[in-house]
Amino acid sequence: MNLCIHRGAKEIGGSCVELEADGQRLLLDLGLPLDAELDETPLPDVSGLEKLDESLLGIAISHAHLDHYGLAAKVRQRVPVLIGKGALRIINAARQFFPDAPDFLRTIEIKNKEPIVLGPFTITPYLMDHSAYDAYAFLVEAKGKKVFYSGDFRNHGRKRILFERLIQNPPEDVDVLLMEGSTLGRTGLENEYPSEDELEARFIDHFNSAKGLALVWTSGQNIDRLVSIYKACRQTGKKFIVDLYTAGILKAIKNPHLPQPGFKGFLVFVPMSQRILIKERELFDIPQSVSFCRVYPKELPDLARSSVMLFRPSMAKDLERAGCLDGASLIYSLWPGYLKDDRYQWFRDWLEKHQIPLTHCHTSGHAPVADLKGLAEAISAKRLVPIHSFEPNAYKKLFENVEIRNDGETWAA
Ligand SMILES: [Zn+2]
């Protein structure tokens, strides 16, 4: 079996790995590079993406983060896309708001530990704990060789048990481990990240002491985080107000355990930007489906003290106009780097103008060094090849049997 990392050998973003056996091929992820525009980014040089080539048997998508699937929107061929049901539902729901999201022509549903045979490849998905819902690692076997691709993972989210199970019962005799290292270089080696349970406790403290509307800025697709916030709301007697997009994602997943319209204290607010979009695209059935739990701007001042609201800066004007910001506070629950960006200077000024105090409350979607070591040691592959990291050289100091590869280079497993 031959491998080629088309992108991601030395960077985070644009992950794409091609495997070849008996002249047949399989792709692992087809991501958009970080900060890249879809229109301006070409597909990697893989036969079968632009023009028909039946030797490309499939594209296995590890999870629904753009840096792992974004470029798939450009594929015009009917190459089967292997993807989890939950991840596919999120992408399809998000496409109503973001038309750039791919509309896969053919899909094969993957399930935890259920092998799929495609030509010479046997692909076994491993459900992983990550900030994306329904995220997988892949064990790929072909020609007597085994490659384990970690995807993105961590061991401090709501599904951390999955990591423990993998460590206790890892695949055996793996030749190549392609392991992500997003956190390398970002933080100190001894760093630990708070768990989602710890965040939930911090949310509870914050909501208890909030004097007005408690705003939380996080991703509408970080399902673990939304669960933490909702649980904290339930424990503090607060209502949880989410925007229409987030409500749509939670509903679309069809997991009865996730907070969604119809759950106690779960309300939906439709900010102006989404009202315009609904009108432009004639998506009237989306607000219709949540009309029973919808809140309107004029209701917000009365609800403020007893509510937590999922927030993003594009909603600043809506809240200002609604007059619900007396005593408001903001929890920033995303990677700290985004907020420091120049494009949010206006927003930092806006917070100051309204005297809205800012608290950080976040944990990484990725494993710190200790857990990367845990996985590397459990799998103990003959070779460990860095991927999805800006610090491939740091692997050599931390792990055994490291072999650094370049983008575009073909090598044997
Ligand atoms: Zn990810």
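The values are calculated or read from the model by the stated rules, or taken from the named source; none is laboratory data. Since the structure is predicted, the reported quantities are computational estimates derived from the model, not experimental observations. Using ideal geometry, Cβ is built from the backbone for each residue, glycine included, and neighbour counts are taken over all protein chains shown. SASA here: full protein model, heavy atoms, side chains in, ligands and nucleic acids out. Shrake-Rupley method; radii C 1.70, N 1.55, O 1.52, S 1.80 Å.
Quick look at the values:
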item	result
Test for ARG154: is it open to solvent by less than 20 Å² (accessible area, probe 1.4 Å), in a loop (DSSP other than H, G, I, E, B), assigned by TED's automatic domain parsing to the domain that holds ASP39 and not aliphatic (A, V, I, L, M)	yes
VAL295, sole failed condition from (1) in contact with a helix residue (DSSP H, G or I) (Cβ under 6 Å, 6 or more places away or on another chain); (2) more than 19 Å from PHE203 (Cβ to Cβ)	(1)
Of all residues in the stretch 213-230 being aliphatic (A, V, I, L, M) and either out of contact with any strand residue (DSSP E or B) (no Cβ under 8 Å at 6 or more places or on another chain) or within 24 Å of ASP326 (Cβ to Cβ) (or both), the one that is surrounded by the most Cβ atoms within 10 Å (Cβ to Cβ)	ALA214
Residues located in the stretch 237-250, provided they are in contact (Cβ under 8 Å) with a residue 40 or more places away in the chain and part of a helix (DSSP H, G or I)	LEU244, TYR245, THR246, ALA247, GLY248, ILE249
Within the stretch 268-292, considering residues that are over 24 Å from PHE347 (Cα atoms) and either among the β-branched types (Val, Ile, Thr) or touching a helix residue (DSSP H, G or I) at 6+ places or on another chain (Cβ under 9 Å) (or both), the one most open to solvent (accessible area, probe 1.4 Å)	PHE284
Members of the stretch 12-26 that are open to solvent by less than 40 Å² (accessible area, probe 1.4 Å), touching a residue at least 40 places away in the same chain (Cβ under 8 Å) and either closer than 14 Å to LEU178 by Cα or outside any loop (DSSP other than H, G, I, E, B) (or both)	ILE12, GLY13, SER15, CYS16, VAL17, LEU19, ALA21, LEU26
Test set (1) closer than 21 Å to ARG305 by Cα; (2) in a loop (DSSP other than H, G, I, E, B) - VAL216 fails condition number	(2)
Wholly within the stretch 338-413, helices (runs of 4 or more DSSP H) carrying at least 3 residues that are aliphatic (A, V, I, L, M) and surrounded by 15 or more Cβ atoms within 10 Å (Cβ to Cβ)	369-379
Given (1) away from the ligand (no atom under 15 Å from the Cβ); (2) open to solvent by less than 10 Å² (accessible area, probe 1.4 Å); (3) not small (Gly, Ala, Ser), number of the condition ASN191 does not satisfy	(2)
Condition met for SER291 (polar (S, T, N, Q) and touching a residue at least 12 places away in the same chain (Cβ under 8 Å))	no
ASP326 vs. criteria loosely packed, with under 15 Cβ neighbours inside 10 Å, at pLDDT below 95 and acidic (Asp, Glu)	no
Within the stretch 43-102, tally of residues that are basic (Lys, Arg) and in contact (Cβ under 8 Å) with a residue 60 or more places away in the chain	1
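For every residue, the table says whether it meets (1) open to solvent by 10 Å² or more (accessible area, probe 1.4 Å); (2) of a type in the set (Lys, Arg); (3) within 17 Å of the chain's Cα centre (by Cα).
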position: ARG160; (1), (2), (3): yes, yes, yes
position: ASN169; (1), (2), (3): yes, no, no
position: GLU198; (1), (2), (3): yes, no, no
position: PHE240; (1), (2), (3): no, no, no
